[in-house]
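Reviewing the structure listed below.
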Amino acid sequence: MEKIKAIIFDLDGTLADTLPLCIEAFRKSVEPIAQRSITDEEIIATFGPSEEGTIMKLVPDHYEKGIADYLRFYEELHHKCEKPFTGMADILKKLKTRYIKLAMVTGKGRYSTAVSLKQFGMTDLFEIIETGSPEGPRKAEGIQYVIDQWTDIKKTEMIYVGDAPGDIIASKQTGIPVVAAAWAGTAEPEKLIPLKPEAIFYNIAEFSEWLQTNT
């Protein structure tokens, strides 16, 4: 593997443990409208599109209220996910000082992404930020957009870092190496390993050491 000159990060479950926050905000916004209980599994089954797509699937007849309530709860509840994963902010800052290019490609919507990055003090760390679409997954499209902007860097000098099977699949579609983040409590390594990422990390310390060797 060539020395890494650019890294594209996922957000949820990779930079921070935001997935429980997302699920709670979905539940608080959707259950009063739907007038029934919504399970975690039901919410997670809609993931792929941005949160707008999730609301459209769960309460399509009340989309405007659903998405407005979701975004409000997401911001109000963000104190429950006050900081990124321990060590992640230091990693990003060190990479910046070493002139490694940083981008983000996330399935989150633009507004919630901005809320989280502000909460984590990461608003200015990423050169390019590509967010999700209500229509469906667009990770591969987002990664390709970043590749197209960084014309001075070869694909073999980039990596994507993500925690979900879709992250690995999207990276392979665009032809860049991918490493799997399995340090979140929500990670499912048994689904990541068969997709053969370049590496899989179960804690951030291991990932940090690997970066020191490969950047």
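The values are calculated or read from the model by the stated rules, or taken from the named source; none is laboratory data. Please read all numbers here as calculations on a predicted model, not as lab measurements. Positions of Cβ are backbone-derived with ideal geometry, glycine not excepted, and every protein chain shown enters the neighbour counts.
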Problem - Extreme residue, surrounded by the most Cβ atoms within 10 Å (Cβ to Cβ), among residues of the range 148-165 that are within 23 Å of L211 (Cβ to Cβ) and either out of contact with any strand residue (DSSP E or B) (no Cβ under 7 Å at 6 or more places or on another chain) or of a type in the set (F, W, Y) (or both) - result: Y160
Handout entry: Filter pass, S208 being without any contact (Cβ under 8 Å) to a residue 40 or more places away in the chain, small (G, A, S) and in the same structural domain as K96 (by TED's automatic domain parsing)
Key = no
Problem - Scan of the range 106-141 for residues that are in contact (Cβ under 8 Å) with a residue 12 or more places away in the chain, of a type in the set (V, I, T) and out of contact with any strand residue (DSSP E or B) (no Cβ under 9 Å at 6 or more places or on another chain), ordered by number - result: V115
Completion exercise
Restricting the range 48-91 to residues that are without any contact (Cβ under 8 Å) to a residue 60 or more places away in the chain and of a type in the set (A, V, I, L, M), the one farthest from D152 (Cα to Cα) turns out to be V59
Practice task
Looking only at the range 123-131, decide whether some residue is of a type in the set (F, W, Y) and more than 16 Å from the chain's Cα centre (by Cα).
Solution key: no
Completion exercise
Of (1) in contact with a helix residue (DSSP H, G or I) (Cβ under 8 Å, 6 or more places away or on another chain); (2) in a loop (DSSP other than H, G, I, E, B); (3) of a type in the set (D, E), D167 fails just (2)
Practice task
Select from the range 1-44 the residues that are outside any helix (DSSP H, G or I), of a type in the set (S, T, Y) and buried (at least 18 other Cβ atoms within 10 Å of the Cβ) and write down the one among them that is nearest to the chain's Cα centre (by Cα).
Solution key: T14
Practice task
Return only the number of the condition from (1) part of a loop (DSSP other than H, G, I, E, B); (2) more than 30 Å from D152 (Cβ to Cβ); (3) of a type outside the set (A, V, I, L, M, F, W, C) that K108 does not satisfy.
Solution key: (2)
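A quick yes/no check of all residues on (1) assigned by TED's automatic domain parsing to the domain that holds I23; (2) at pLDDT 95 or above:
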position	(1), (2)
R72	yes, yes
L92	no, yes
V105	no, yes
Q119	no, yes
T123	no, no
E130	no, yes
A140	no, yes
Practice task
Output the residue which, of all residues in the range 172-186 that are closer than 12 Å to K155 by Cβ and of a type in the set (A, V, I, L, M), is surrounded by the fewest Cβ atoms within 10 Å (Cβ to Cβ).
Solution key: I176
